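*Asks:* Quick one: the structure is below, and I'll ask about it shortly.
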Amino acid sequence: MLEDVGQSDYFKRHGTLPSAKTQLAIVHAKRLVARTTNGESVGNLPTSYNYLAGCINDGWSYVGLVLTTTQGPPE
């Protein structure tokens, strides 16, 4: 689950969340951010995944697909 989705570039531009099967890459900016192939941020990874920043800095990359989206507070 991503954080700060409502403040993301993607949500601001499109007014919605990306659809299922949208490809996302995890990049290390100020935080770990999920971005579309167009470079739009979709949200931040929770801080419990901060250890991935070291892996990304060492040359690893992480790519995945959106499985599902829901709006509102997480359950």
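The values are calculated or read from the model by the stated rules, or taken from the named source; none is laboratory data. As the structure is a prediction and not an experimental result, all values here were calculated from the model. Quick reminder, even Gly has a Cβ in these numbers, built from the backbone with ideal geometry, and neighbours come from all protein chains shown. Heavy atoms of the whole protein, side chains included, go into the accessibility calculation; ligands, DNA and RNA do not. Shrake-Rupley method; radii C 1.70, N 1.55, O 1.52, S 1.80 Å.
*Asks:* Could you give the accessible area per residue of the chain, probe 1.4 Å, as a whole number in Å²?
*Replies:* Value for the chain: 71 Å² per residue.
*Asks:* Here is a further query. For Leu17, tell me the accessible area in Å² from a 1.4 Å probe, rounded to the nearest 10.
*Replies:* Here the residue's solvent-accessible area equals roughly 30 Å².
*Asks:* Arrange the residues Tyr62, Tyr51, Tyr10 by how much accessible surface each exposes, largest first, with a 1.4 angstrom probe.
*Replies:* Tyr51, Tyr62, Tyr10
*Asks:* So for region 29-69, Kirkwood radius off the Cα pairs, Stokes-Einstein at 20 °C and 1.002 mPa s: how many µm² s⁻¹?
*Replies:* 191 µm²/s
*Asks:* Consider a paramagnetic label point 7 Å from the Cα of Ser19 along Cα→Cβ; state which residues of region 38-70 have an amide N under 16 Å from it.
*Replies:* 38, 65-70
*Asks:* Ignoring ligands, DNA and RNA, what percent of the 1.4 Å accessible area of the chain is carbon and sulfur?
*Replies:* The computed percentage sits at 52.
*Asks:* At Thr69 and Asn38, where each label point lies 7 Å from the Cα along Cα→Cβ, what is the point-to-point distance in nanometres?
*Replies:* 1.1 nm
*Asks:* Continuing with the same structure: How much of Ser41 can a 1.4 Å solvent probe reach, expressed as accessible area in Å² and rounded to 10?
*Replies:* Roughly 20 Å² of Ser41 is accessible to a 1.4 Å probe.
*Asks:* State the extension gain, in nm to one decimal, for the chain segment bounded by His28 and Ser61, taking 0.36 nm per residue of separation less the distance between their alpha-carbons.
*Replies:* 10.9 nm
*Asks:* Around Thr22, which amide H atoms from residues at least 5 apart in sequence, or from another chain, sit under 5 Å from its own amide H, with H modelled in the peptide plane?
*Replies:* Correct list: Val66.
*Asks:* From Cα pairs below 8 angstrom and at least 6 apart in sequence, can you work out the relative contact order of the chain, rounded to a whole percent? Numbers along the way, then the final one.
*Replies:* Numbers: 115 pairs, mean separation 27.1, N = 75.
Reported relative contact order: 36 percent.
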